[in-house]
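Inspection log for the structure reproduced underneath, given as structure tokens.
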Amino acid sequence: MTQAQKVLEIQHLKKQYGNDAVLKDISLDIHQGEVVVIVGPSGCGKSTLLRCINGLEPIQAGDILLDGKVITDGKTQWSQIRQKIGMVFQNYDLFPHMTVIDNVLLGPTKVQGRTKQEAAADAKKLLERVGLLDKTNSYPRQLSGGQKQRAAIVRALMMEPEMMLFDEITAALDPEMVREVLDVVLELAKGGMTMIIVTHEMQFARAIADRIVFIDSGEIVETGNPEEFFTQPKTERARKFLNIFNY
Amino acid sequence: MQDLGIRVLFEGSNFLRLLGGLWITVKIALISVSISFVLGIFLGIVMTLKNPVTKAITRIYLEFVRIMPQLVLLFLVYFGLTRAFQINLSGQLSAVIVFVVWGTAEMGDLVRSALISISKHQYESGTALGLTNLQVYRYIIIPQTVRRLLPLSINLMTRMVKTTSLIVLIGVVEVLKVGQQIIEANRYTAPSGALWIYGTIFLLYFIVCFPISRLAGRLEKRWMN
Amino acid sequence: MDFDFIAEYTPMYVTAAALTLRIAFWGIVFSLVTGLVCSLIQYYKIPALKRLISGYIELSRNTPLLVQLFFLYFGLPKLGIMISSEGCAILGLSFLGGSYMAEAFRSGLESVEKSQVEAGLSIGLQHKQIIRYIVLPQAISVSVPAFCANIIFLIKETSVFSVVALADLMYVAKDLIGLYYKTDEALLMLVISYFVILLPISIIASLLERRLRYAGFGH
């Protein structure tokens, strides 16, 4: 793991809403093929961190580097960066007026200028991998939450990103659908995808993570490998947080 | 030339006459709105009944009144009723009749949709608290209905005031007609009078309608969320 | 009821209805364009223009078309601005309709959730592409019922065009009443004319609305 190349470097990132500091001095490196799971109490800033990485939130200080190049200097073509960093949201946010196939083809055809036919072949493969081939021509409203989320993952994967950001992607799902979505993510991890995952599913975090990052009140309080973090957290704050999950 | 035009506006009692004409319009709108509100509430309640006969009748009434331009309705009453029953309706009375018929339909529909938009749970949770039926209505249903209804019905009022401008076309002497008379009387001394008079009437309508629709907008923002 | 009279004068009504429809058509087209532009300006909060647009919308929504027409047709020529009857009618209808269409578009635009834009950004789409492929299609289909209501409203509003000396349906009806005292016949034909024009549109509108409601996007 140590020899692996750094894909993403976050250096002293600060993010404020007005006078509210949401992220205070966050520094974090993500290596090629690494799966980092960010956990922490609601409102600790973990989702905001993902949004900053994808340029959806302006930041007040610090730098984010992708493949060694600063992307937060204001000169960045975010459109280019976002093709390299895929993102999946809590509420799926599929485009409701398009079928599944049109949803996943919009990026490749309009952003990358690929032909529909050629991209469709890739799309079919990915849809098959996540078990949605029979839903190719369905509209989002005809899908279950789990199916929508899998389609949203395919939509992001279609851009052939270098890394993926998952923002609480199971939080809006009924419990019986959580599994099918997490299986897809697990599959991706096995395939070597670099990922940052924000989640409340502690079992899942433990199973998939190479590294756990615990954020509280906008700061990284503790990082470590999952076994250590879940069995012997080093900090009092992490202990308290983990206790919430054990009745 | 134009300074002469603007003088027309303030010469003698011209401006007061215009305001008098505007008052005719506003008065007819106010009378019609008041009657429509009362009748509309009844109509709205009737429309929520599950009786197929009342449903069909109220539906046809609503659709007919809504599909016809108000000016056509005015013609029907002003020219048509006069002939059919050999009675001479004044323009003002015809206007009130038409606006009541139209306003009641619109108001009825507003009341109906406000009533059906209150979920059954509201009745049930009221009853579950041990409130009597009357109390459920008094404290839960009616306040919610009013909140939904008031902004929309105030909006209906601006529509009514604007639509009342049509009565000049069935010979009622209101603000436009008074304006025409003033322009005619000053045709030679103030040829540009039309610009000022009609411009003023335009603003007068705005001054009447704008605060009302503002109020409706405010209430809507405050209550509808 | 004098049916010979009705038969004789039906062509007059047809001509008048055609005139009404032609003006209504252009008025609606310009209203839609005006409305789209205004609503986008408001949606994107373009600084100075935004205020101008809200001023226009308030002015247009709080004054009657009839008074707008009087000003255009009788008032403006005193400033040396002469506009033909048809021009006034189309201009007046567009001035009125533009604000109504703008409101319809705007509520459609506002109904598209912000996260849709973010989802578009996250796959690398440009802002222009997001408007075109994601926001507008959703906004327009949400606005369709309001468009239909506005179209019906605008066609009804055309009934005042006789004041700018256009021989529309009301003009013809009034003429026949005045000239021949054929009140019943004239009024009957008037009512039928508006029915023939408006009923199909109203039926199509409610069908569209129902279809949209059942096919509601949902999430």
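In debye, nearest 20, what is the charge dipole magnitude of the protein assembly as shown about its Cα centre with +1 on Lys and Arg Cβ and -1 on Asp and Glu Cβ, if you could check?
Its charge dipole is roughly 1040 debye.
Run lengths n ≥ 4 of DSSP H only: what is the helix-derived mean residue ellipticity at 222 nm for chain C, with -39500 (n - 2.57) per run over all residues, to the nearest 500?
After summing the helix terms and dividing by the residues of chain C, the value is -26000 deg cm²/dmol.
Partner chain Cβ atoms within 10 Å, averaged over the residues of B:80-89 - can you pull that number for me?
Across B:80-89, the average partner-chain Cβ count within 10 Å equals 2.
Tally Lys and Arg at +1 and Asp and Glu at -1 over the other residues with C-beta under 12 Å from the C-beta of B:R83: what net charge comes out?
Here the charged neighbours net out to -1.
Using the Cα centre of segment B:20-152 as origin and beta-carbon charges of +1 (Lys, Arg) and -1 (Asp, Glu), tell me which of B:I35, B:V46, B:L89 is placed farthest towards the positive end of the dipole.
Selected residue: B:V46.
Let me know the number of lysine pairs in chain B closer than 20 Å at the Cα, not counting same-chain pairs under 8 apart.
Summing the qualifying lysine pairs gives 4.
Just to be sure I understand: if you take the accessible area of chain B alone plus chain C alone and subtract the pair, with a 1.4 Å probe, what total do you get in Å², rounded to 100?
Roughly 3400 Å².
Using protein chains only (no ligands, no nucleic acids) and a 1.4 Å probe, work out which residues of segment A:132-147 have their accessible area cut by at least 10 Å² relative to the chain alone.
So the qualifying set is A:R141.
Taking the alpha-carbon centroid of each part, what is the distance from segment C:25-102 to segment C:186-211 in angstrom?
25 Å
Percent antiparallel among DSSP beta bridges with both residues in the protein assembly as shown, to the nearest 5?
55 percent
Using a/c under 1.5 as the rounded threshold, could you call chain C rounded, prolate or oblate? The axes a ≥ b ≥ c are square roots of the C-alpha gyration tensor eigenvalues, and prolate needs a/b larger than b/c, oblate otherwise.
Oblate, since a/c reaches 1.5 and b/c is not below a/b.
If the cut-off is 14 Å between C-alpha atoms, which aspartates and glutamates fall inside it for A:K24, apart from same-chain ones fewer than 8 positions away?
Within the straight-line limit of under 14 Å, A:K24 reaches these aspartates and glutamates: A:D63, A:D216, A:E219.
So if I take the centroid of the Cα atoms in segment B:106-140 and the same for segment A:1-53, what is the distance between those two points in Å?
If we compute the Cα centre of each part, the gap is 50 Å.
At 222 nm, what helix-only mean residue ellipticity would chain A give, in deg cm²/dmol to the nearest 500, using -39500 (n - 2.57) for each DSSP H run of four or more?
-10000 deg cm²/dmol
Taking a probe of 1.4 Å, how large is the accessible area per residue of the protein assembly as shown, in Å²?
Per residue, the protein assembly as shown has 47 Å² of solvent-accessible surface.
Between segment A:95-157 and segment A:199-247, what is the C-alpha centre distance in whole Å?
34 Å
Let me know the number of lysine pairs in segment C:3-215 closer than 19 Å at the Cα, not counting same-chain pairs under 8 apart.
Lysine pairs, 8 or more places apart or on different chains, close enough: 5.
For A:K135, go through the lysines and keep the ones whose alpha-carbon is under 20 Å away, minus same-chain ones fewer than eight residues off.
Reachable lysines: A:K116, A:K124, A:K125, A:K148.
If you take every residue apart from C:G120 with its C-beta less than 12 Å away from the C-beta of C:G120, what net charge results, scoring Lys and Arg +1 and Asp and Glu -1?
That sum, taken over residues with Cβ under 12 Å, equals +3.
Determine the residues within segment C:41-66 where the difference in accessible area between the chain on its own and the full set of protein chains amounts to at least 40 Å²; count protein heavy atoms only and use a 1.4 Å probe.
The answer is C:E58, C:L59, C:N62, C:T63, C:P64, C:L66 - residues whose exposure falls by at least 40 Å² when every protein chain is included.
So, counting K/R as plus one and D/E as minus one, what does the shell of residues with Cβ under 14 Å around C:V14 add up to?
That works out to -1.
Using only atoms on other chains, find how many Cβ atoms lie within 10 Å of each Cβ of peptide A:5-16 and report the average.
Per-residue shielding by partner chains comes out at 0.
Using a 1.4 angstrom probe on heavy atoms only, work out the carbon and sulfur share of the accessible area of segment B:2-224 in %.
66 percent
For C:75-82, what's the mean count of beta carbons from other chains sitting within 10 Å of each residue's beta carbon?
Taking the mean over all residues of the peptide, I get 5.
Just the ratio, please: alpha-carbon radius of gyration of the protein assembly as shown over 2.2 N^0.38 Å, N its number of residues.
1.23
With +1 on each Lys and Arg Cβ and -1 on each Asp and Glu Cβ, how big is the dipole of chain A about its Cα centre, in debye rounded to the nearest 20?
Result for chain A is approximately 480 debye, rounded to the nearest 20.
In Å² (nearest 100), what accessible area is buried between C and A, both sides summed, heavy protein atoms only, 1.4 Å probe?
What C and A bury together is about 2000 Å².
The values are calculated or read from the model by the stated rules, or taken from the named source; none is laboratory data. As the structure is a prediction and not an experimental result, all values here were calculated from the model. Cβ: placed from backbone, ideal geometry, glycine included. Neighbour counts: every protein chain shown. Just the protein is used for accessible areas: all its heavy atoms, side chains included, with ligands, DNA and RNA removed. Shrake-Rupley method; radii C 1.70, N 1.55, O 1.52, S 1.80 Å.
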